[in-house]
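Read the figures in this text as sums done on the coordinates, not as results from a lab. This one's a predicted model, so the numbers in the text were calculated from it and none came from an experiment. Cβ placement follows ideal geometry from the backbone for every residue including glycine, while neighbour counts extend to all protein chains displayed.
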Amino acid sequence: MRYNVPYKIKQFLFVLIKLSIVVVAFCFMYSKIVQNENLEFNKFVAFLNKNDVFSLKNSLILILLSSFNWFFEILKWQHLVTILKPISFKSALEQSLGGLTVSLITPNRIGDYGAKAIYYTKTYRTKIVLLNLLGNMAQMTITMVLGAIGFILFINSYPIGINYNKAVGIGAIILLIGLVIFYVMTQKRFKIKGFSLVFIIDFIKSIPLKTHGLNLSLSLIRYLIFSFQFYYLLSVFGVTISYVDAMIVITSMYVLASIVPTISIFDVVVKGSIAMFLFSYLDVNEFIVLSTTTLMWLLNFVIPSIFGSYFVLNFKLPKPIE
């Protein structure tokens, strides 16, 4: 026997879910900021004050870079959704930041897919998830291509003690695993985010080439912005290295961090660990590297997710975007 849940109870449960998402996200952020075992909060704040990070000039530059980073991400999402129906920049902003808040507490930011899809009626939700996947794939493509170039330059520039015989063996194993994965992925039963690979490929083919070009271009612009922001912070903290040398390490860091499965809230820990290892070859102080990765996380994830929590709390399920 089926029972209809009263409307007021549905509304109460939905409000409870929204509050739970925001509270859990804030608790996670608090634990990573204040209770970080690798970076004491008081020392971190004192270090920022010592290096005038909060000066008018530095604050404006850092806020502008973070704003542009998210501006182009929101613009990318707006243009992707336009394939289905036109939406305003304000709607794209609400969906992007709301999705970010939800994604902080889910593995590999998977919550972002559901959060954006719920803004639309059931007719659109399947394609919304695929468009989100397409946007993330474009960003990953830029990260992988530039990261591969950076990492090749890194291992050619710094003596990291590679055993080439072992490297060839590992390469052969990776190639074999890659072939097995490729075979599995070509099977109709294999699914990505609940969709078969054939279905995803057909959907991607149905999208105009111009849209793919714009998607990749906006992803590249975003990458150049936040990687420059990382370099700018290093210079603020007194690190004197050339932009090219820094970018070799930064691109290597992002590609290595991107292949490690993790919950988004722990992204700062993963990036911090990888960055410390890579920047050690440039004799950059570990505390400076940790401070840079932490501040990058605060500027580009924590602060936007605080704004996103407002959209999560104000989202009304009975009135999705038509």
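A compact table of results
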item: Residue-wise HN-Hα coupling along region 200-216, computed from phi with Karplus coefficients 6.51, -1.76, 1.60 (Hz; x: Gly, Pro); result: 5, 4, 4, 5, 4, 5, 6, 8, x, 4, 4, 5, 4, x, 5, 4, 5
item: Likely footprinting exposure, 236, 270, 244, fewest C-beta neighbours within 10 Å first; result: 244, 270, 236
item: Charge tally in the Cβ shell below 15 Å around residue 236, where Lys, Arg are +1 and Asp, Glu are -1, residue 236 excluded; result: +1
item: Per-peptide average of other Cβ atoms within 10 Å, ordering 251-257, 120-126 highest first; result: 251-257, 120-126
item: Karplus 3J(HN,Hα) series, Hz, for region 226-233 with 6.51 cos²θ - 1.76 cosθ + 1.60 (x for Gly, Pro); result: 6, 6, 5, 4, 4, 5, 4, 4
item: Using θ = phi - 60° and Karplus 6.51 cos²θ - 1.76 cosθ + 1.60, couplings along region 47-56 (whole Hz; Gly, Pro as x); result: 5, 5, 5, 4, 9, 6, 5, 8, 5, 4
item: Among the listed pairs 76/205; 210/271; 43/271, those beyond 24 Å (Cα-Cα); result: 210/271
item: Long-range HN-HN contacts of residue 109 with modeled amide H, under 5 Å; result: 264
item: Debye, to nearest 20: dipole size of region 43-160, +1 on Lys, Arg Cβ, -1 on Asp, Glu Cβ; result: 260
item: For 212, 79, order by how many other beta-carbon atoms lie within 10 Å, fewest first; result: 212, 79
item: Net charge, residue 51 excluded, C-beta distance under 13 Å - Lys, Arg +1, Asp, Glu -1; result: +2
